[in-house]
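Step one of this worksheet: look at the structure below.
The values are calculated or read from the model by the stated rules, or taken from the named source; none is laboratory data. Just so it is clear, the structure is predicted and the values come from calculations on it, not from any experiment. Backbone-built Cβ (ideal geometry, glycine too); neighbour counts: all protein chains shown.
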Amino acid sequence: MLGTRPEAIKLAPVARALSARGARPRLIFTGQHPALDPAEFALGSFDAVQLDCPGEEDPHAHVHKVAAAVLPLLIPAPDLLVVQGDTSSALGAALAGFTARTPVAHVEAGLRTHDPLHPWPEEEYRTAIDASADLLFAPTHAAEANLRAEQVRGRIHVTGNTAVDAVLSIAAHLPSPSSHGGAPRLLVTCHRRESWGEGLQAIAAALVELAKDGIRIDLMLPPNGYVAHSMTKLLGGVAGIALVPPCNHAALVRLMRQADLVLSDSGGIQEEAPALGIPLLVLRDKTERPEGLAAGNARLVGTSTDRIVAEVRRLLAHPAELAAMARPSFPYGDGHAGPRIAEIIEEWLEARSPARRQA
């Protein structure tokens, strides 16, 4: 089940690994992020269904729309429905699976801030999927501990995060980043719902202040129309700030590797930056991915204008401290999560085959 670009990035290694083992995955694109091209993720050869469920301002309404659209596709029931992460597409598909009594596997299970408002509604959605899923693929031991503390009923496996698989595969095919020289360069991405309104305004104000220092800033506009419109209105035409249209994953990785420092509220970038050795400031007050903080590659700065400006200036003024954050590390896995998940799924299906024949 794929609804957003991050879901496609993270599930592609699983689908390809299953195919390599002789399985025939069928892909369902919900349309939450429109115009996802399967070929971009090397999924063009897979059987796929395209639904018309674009994202909505009310995520709960989108959950119900996806669930209603997916349910007919589960008759007859497949052997397993695989969902990823914490989006409204993931929860909607999982609810359809639970209703149809189709086994559900959750890739990237167990991430928690333990605060239902940060991130909202993702914390709630991920927890709801985990509560009823049959297979739970926790990317880290911390995520596994969260699931065990909640006494979920499904089987838990620590696999690493498929985001690392994807980013290492892309980086291996890109030329080495060249030294840009001159002014420091920042890459910024932001889209979280809890930052809409005042949070986005505070981030924009910080970027305006930093641009006055002569820092070059690339702001990646997200597919979400509200955020893209808001940031364009706040930052369009500001000297030193380039508004970058949404791009494919390879182009984003290229921009990340060209930056001296990345500022983002993205979960995927929190997983990718340590593996690439890119210093990251997380534009959130809480994160369900604390491993990057513990590894020293990332720091939480929230959306406070003053704090963002102060931390960027401090790091750029202390190259040794910035360089320490740029050492590659792998707190989210070794880049082999996809094959690991595929092997577990195959073994689980084989163990269930007598029961399936008797059903």
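So that you can scan it fast, the table gives a plain yes or no per residue for (1) buried (at least 21 other Cβ atoms within 10 Å of the Cβ); (2) closer than 21 Å to Val167 by Cα; (3) of a type in the set (Phe, Trp, Tyr):
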{"residue": "Pro6", "(1), (2), (3)": "yes, yes, no"}
{"residue": "Thr30", "(1), (2), (3)": "yes, no, no"}
{"residue": "Pro54", "(1), (2), (3)": "no, no, no"}
{"residue": "Glu57", "(1), (2), (3)": "no, no, no"}
{"residue": "Val66", "(1), (2), (3)": "yes, no, no"}
{"residue": "Val83", "(1), (2), (3)": "yes, yes, no"}
{"residue": "Arg101", "(1), (2), (3)": "no, no, no"}
(message) List pairs: first residue in the stretch 259-287 and under 15 Å from Thr140 (Cα atoms), second residue part of a strand (DSSP E or B) anywhere in the structure, Cβ distance under 8 angstrom, at least six positions apart or on different chains.
(response) Gln270/Ser264; Gln270/Leu280; Gln270/Val282; Gln270/Ala298; Pro274/Leu280; Pro274/Ala298; Thr287/Leu300
(message) For a quick check of your reading: which strands (runs of 3 or more DSSP E) sit entirely within the stretch 127-192 and have at least 2 residues that are within 19 Å of Glu347 (Cβ to Cβ), touching a His at 6+ places or on another chain (Cβ under 7 Å) and modelled with pLDDT of 95 or more?
(response) 135-138
(request) Working carefully through the options Val282, Val301, Val309, find the one that is buried (at least 17 other Cβ atoms within 10 Å of the Cβ), under 17 Å from the mean Cα position of the chain (by Cα) and under 22 Å from Trp196 (Cβ atoms). (result) Val282
(request) Mind listing whichever residues of the stretch 10-67 are aromatic (Phe, Trp, Tyr) and in a helix (DSSP H, G or I)? (result) Phe41
(request) Output the residues belonging to the stretch 203-232 that are buried (at least 18 other Cβ atoms within 10 Å of the Cβ) and of a type in the set (Lys, Arg). (result) Arg216
(request) Looking only at the stretch 27-53, count how many residues are over 21 Å from the mean Cα position of the chain (by Cα) and of a type in the set (Phe, Trp, Tyr). (result) 1
(message) Exactly one condition in (1) among the basic types (Lys, Arg); (2) more than 17 Å from the chain's Cα centre (by Cα); (3) at pLDDT 95 or above is false for Arg24; which is it?
(response) (3)
